[in-house]
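**Student:** Shown below is the structure under consideration.
The values are calculated or read from the model by the stated rules, or taken from the named source; none is laboratory data. Everything numeric here is computed off the predicted structure, so don't read it as measured data. As a convention, Cβ positions derive from the backbone with ideal geometry for all residues, glycine included, and neighbour counts pool all protein chains shown. Side chains included, ligands, DNA and RNA excluded: accessible areas come from the protein's heavy atoms. Shrake-Rupley method; radii C 1.70, N 1.55, O 1.52, S 1.80 Å.
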Amino acid sequence: MSYRINTGLRGANPTLQICDASSGSVRLAWEYPRQDPQLSMEDRELLAMRREEAIHELFRRLFLLTTEQYLKGELGEGH
């Protein structure tokens, strides 16, 4: 199974979408969290922690998609 990767910006926030190339179904959608300049320092720290968690979740999902492909025999040597 191959994937189509779409990237872009929604305002100033980067977005990522990974779609199954054959069916077009979205397998993963991610958007960088927005920031409000009027937030308190505590809220900014909380948002920073959530951003880090979102990035970890993105890589976890990418790992799972790759593992799924590998187990289905869709990834050959050299990929």
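**Student:** Can you compute 3J(HN,Hα) from phi for each residue in region 9-19, using the Karplus curve 6.51 cos²θ - 1.76 cosθ + 1.60 with θ = phi - 60°, rounded to whole Hz and x for Gly and Pro?
**Tutor:** Values per residue, Gly and Pro as x: 10, 10, x, 9, 9, x, 10, 9, 9, 10, 10 Hz.
**Student:** Another question about this same structure. Got a sec? Charge dipole of the chain, +1 on Cβ for Lys and Arg, -1 for Asp and Glu; which of 19, 38, 54 is way out at the positive end?
**Tutor:** Result: 19, furthest along the dipole toward the positive end.
**Student:** Please work out the average accessible area per residue across the chain, using the 1.4 Å probe convention, and give it in Å².
**Tutor:** On the way: 6110 Å² over 79 residues.
Roughly 77 Å² per residue, with all protein chains present.
**Student:** Let me ask something else. If amide H atoms are built 1.01 Å from N in the plane of the peptide, which residues on other chains or at least 5 residues away come under 5 Å of the amide H of residue 28?
**Tutor:** 18
**Student:** Okay, moving on. Over the chain, what percent of the accessible surface lies on carbon and sulfur atoms, probe 1.4 Å?
**Tutor:** On the way: 3330 of 6110 Å².
Of all accessible area on the chain, carbon and sulfur atoms account for 55 percent.
**Student:** State the extension gain, in nm to one decimal, for the chain segment bounded by residue 50 and residue 5, taking 0.36 nm per residue of separation less the distance between their alpha-carbons.
**Tutor:** 13.8 nm
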